[in-house]
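A.B. asks: Got a structure here, written out as structure tokens. Questions coming.
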Ligand code: 5GP
Ligand code: MN
């Protein structure tokens with residue numbers, strides 16, 4: 001038996017919103033990861049039971065390893081088809097906002113969703129919710145948005161109807177945000193949910209392999225380059241830092257998603273508690289930050305780069321050059337590490 005995490009009135013309000021709606025759109029954050037995509041597709045498959053016209057619109061493309069998930073080919077990419085997405089959104093009664101809690105996380109879709117008169121239901125597990133939804137199901141204590149989708153379906157009374165496809169997508173999201181149950185997964189209820197997903201027919205081992213072990217040779221070589229040539233360890237601050245320029249990425253025929261997980265690698269070095277990866281792209285420098293224990297990666301991202309996220313996994317965008325970004329990190333790190341705030 002699972003704890004009733006989502007308040008009853010929010011379950012009822014969401015159920016009524018689905019019943020009222022003729023057309024439903026599901027959106028998730030930019031550079032969608034397995035949890036964003038898994039939660040969207042899980043909900044999408046679940047909504048088949050309601051026979052509503054349903055769409056998933058994401059701000060940009062999904063990584064190649066996610067195309068294994070059922071119906072991933074039906075996901076619309078706003079970057080590729082902005083006009084089509086806008087016209088779908090214009091006629092929508094209900095928008096589900098998954099795995100983000102701030103409209104700035106969905107790029108150019110943000111202002112469109114903000115202006116839409118459609119009812120908005122948010123399901124998310126990030127800290128610091130910025131109010132925009134009619135129904136906000138915000139649970140930072142839950143490891144993934146996909147888990148929240150599972151809980152919502154159960155609470156609506158549809159567990160028995162949950163299909164294998166829905167279960168697969170939810171499982172993919174839960175695996176992604178826990179690194180395959182390697183972290184953020186001490187809650188016993190996660191395993192109760194996994195047991196139920198397996199009973200629905202999910203092949204968890206195959207899914208894991210597809211999600212984590214189907215990368216291209218180029219990615220492996222890029223990883224080797226990072227580890228042997230780029231990684232800097234600052235032992236006095238228990239910190240690892242590395243950056244990749246667009247030029248370096250191009251040498252390895254970089255494709256979206258290729259550097260996924262790189263930032264976690266230095267955390268397996270004894271003594272490293274904070275890892276920062278700066279990746280240059282056309283629009284600026286994207287920062288990924290990971291930490292272990294009580295070191296607040298999100299506070300660092302927010303204080304120096306206006307980003308955010310979770311205590312142990314956060315991100316930000318820097319508008320400095322790659323070198324300036326790395327220099328700034330090194331410059332602010334000593335004081336930050338001395339600070340008694342963590
Ligand atoms: P990643 O490093 O995987 O891109 O992001 C890790 C986490 O950091 C995400 O789940 C999200 O919570 C947060 N995050 C990533 N990029 C940004 C950003 O640009 N701004 C904010 N506020 N949070 C971010
Ligand atoms: Mn997530």
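A.B. asks: Might you let me know whether the stretch 298-318 holds any residue that is more than 13 Å from ligand 1 (Cβ to nearest atom), assigned by TED's automatic domain parsing to the domain that holds residue 240 and at pLDDT 95 or above?
C.D. replies: No, the stretch 298-318 has no match at all.
A.B. asks: Going by what's in this entry, would residue 261 be described as surrounded by fewer than 21 Cβ atoms within 10 Å (Cβ to Cβ), near ligand 1 (Cβ under 10 Å from one of its atoms) and under 18 Å from residue 218 (Cα atoms)?
C.D. replies: Considered against the rule, which asks whether it is surrounded by fewer than 21 Cβ atoms within 10 Å (Cβ to Cβ), near ligand 1 (Cβ under 10 Å from one of its atoms) and under 18 Å from residue 218 (Cα atoms), residue 261 comes out as yes.
A.B. asks: Looking at (1) out of contact with any strand residue (DSSP E or B) (no Cβ under 9 Å at 6 or more places or on another chain); (2) under 28 Å from residue 121 (Cβ atoms), which is the only condition residue 218 fails?
C.D. replies: It is condition (2) that residue 218 fails.
A.B. asks: A follow-up question, please. Does residue 242 satisfy the condition of being touching a residue at least 12 places away in the same chain (Cβ under 8 Å) and within 27 Å of residue 129 (Cα to Cα)?
C.D. replies: Taking the combined requirement at face value, the residue does not satisfy it.
A.B. asks: Here's a follow-up. Just give me the residues in the stretch 157-183 being surrounded by fewer than 17 Cβ atoms within 10 Å (Cβ to Cβ) and part of a loop (DSSP other than H, G, I, E, B), in sequence order. Talk me through it step by step, then tell me what you get.
C.D. replies: At the first step, the residues of the stretch 157-183 found to be surrounded by fewer than 17 Cβ atoms within 10 Å (Cβ to Cβ) are 157-161, 163-164, 179-183.
157, 158, 163, 179, 180, 181, 182, 183, listed by residue number.
A.B. asks: So, residue 264, is that one within 16 Å of ligand 2 (Cβ to nearest atom) and not in a loop (DSSP other than H, G, I, E, B) or not?
C.D. replies: yes
A.B. asks: Could you please find all residues in the stretch 241-252 being assigned to a loop (DSSP other than H, G, I, E, B) and touching a strand residue (DSSP E or B) at 6+ places or on another chain (Cβ under 6 Å)?
C.D. replies: Correct list: 245 only.
A.B. asks: Now, a different point. Which condition number does residue 335 fail, the rest of (1) over 22 Å from residue 182 (Cα atoms); (2) within 16 Å of ligand 2 (Cβ to nearest atom) being met?
C.D. replies: Among (1) over 22 Å from residue 182 (Cα atoms); (2) within 16 Å of ligand 2 (Cβ to nearest atom), residue 335 violates only (2).
A.B. asks: Give the residue that is farthest from ligand 2 (Cβ to nearest atom), with candidates limited to residues of the stretch 99-130 that are more than 25 Å from residue 150 (Cβ to Cβ) and more than 19 Å from the chain's Cα centre (by Cα).
C.D. replies: In this case the residue turns out to be 117.
A.B. asks: On to the next question. Got at least one residue in the stretch 50-63 being assigned by TED's automatic domain parsing to the domain that holds residue 117, in a helix (DSSP H, G or I) and either crowded, with 24+ Cβ neighbours inside 10 Å or within 16 Å of ligand 1 (Cβ to nearest atom) (or both)?
C.D. replies: The answer is no, given that none of the residues of the stretch 50-63 is assigned by TED's automatic domain parsing to the domain that holds residue 117, in a helix (DSSP H, G or I) and either crowded, with 24+ Cβ neighbours inside 10 Å or within 16 Å of ligand 1 (Cβ to nearest atom) (or both).
A.B. asks: Considering each of 99, 128 in turn, give the residue that is exposed (fewer than 14 other Cβ atoms within 10 Å of the Cβ) and within 14 Å of ligand 1 (Cβ to nearest atom).
C.D. replies: 128
A.B. asks: Considering only residues that are out of contact with any helix residue (DSSP H, G or I) (no Cβ under 6 Å at 6 or more places or on another chain) and assigned to a helix (DSSP H, G or I), which ones fall in the stretch 1-38?
C.D. replies: The answer is 8, 9, 10, 12, 13, 14, 15, 16, 17, 19, 20, 36.
A.B. asks: Specify the residue that is modelled with the lowest pLDDT; the eligible residues are those in the stretch 184-202 that are part of a loop (DSSP other than H, G, I, E, B) and surrounded by 11 or more Cβ atoms within 10 Å (Cβ to Cβ).
C.D. replies: Taking the candidates together, the pick is 184.
This table checks each residue for (1) surrounded by fewer than 16 Cβ atoms within 10 Å (Cβ to Cβ); (2) within 16 Å of ligand 1 (Cβ to nearest atom); (3) outside any strand (DSSP E or B); (4) outside the structural domain of residue 143 (by TED's automatic domain parsing).
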site	(1), (2), (3), (4)
254	no, yes, yes, yes
270	yes, no, yes, yes
288	no, yes, no, yes
325	no, yes, yes, yes
330	yes, no, yes, yes
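A.B. asks: While we're looking at this one, here's another question. Name the residue that is farthest from residue 175 (Cα to Cα), counting only residues in the stretch 32-57 that are in contact with a strand residue (DSSP E or B) (Cβ under 8 Å, 6 or more places away or on another chain) and within 14 Å of ligand 2 (Cβ to nearest atom).
C.D. replies: 43
The values are calculated or read from the model by the stated rules, or taken from the named source; none is laboratory data. From a predicted model like this one, the values you see are computed outputs, not experimental measurements. Cβ sites come from the backbone with ideal geometry, for glycine too, and all protein chains shown count toward neighbours.
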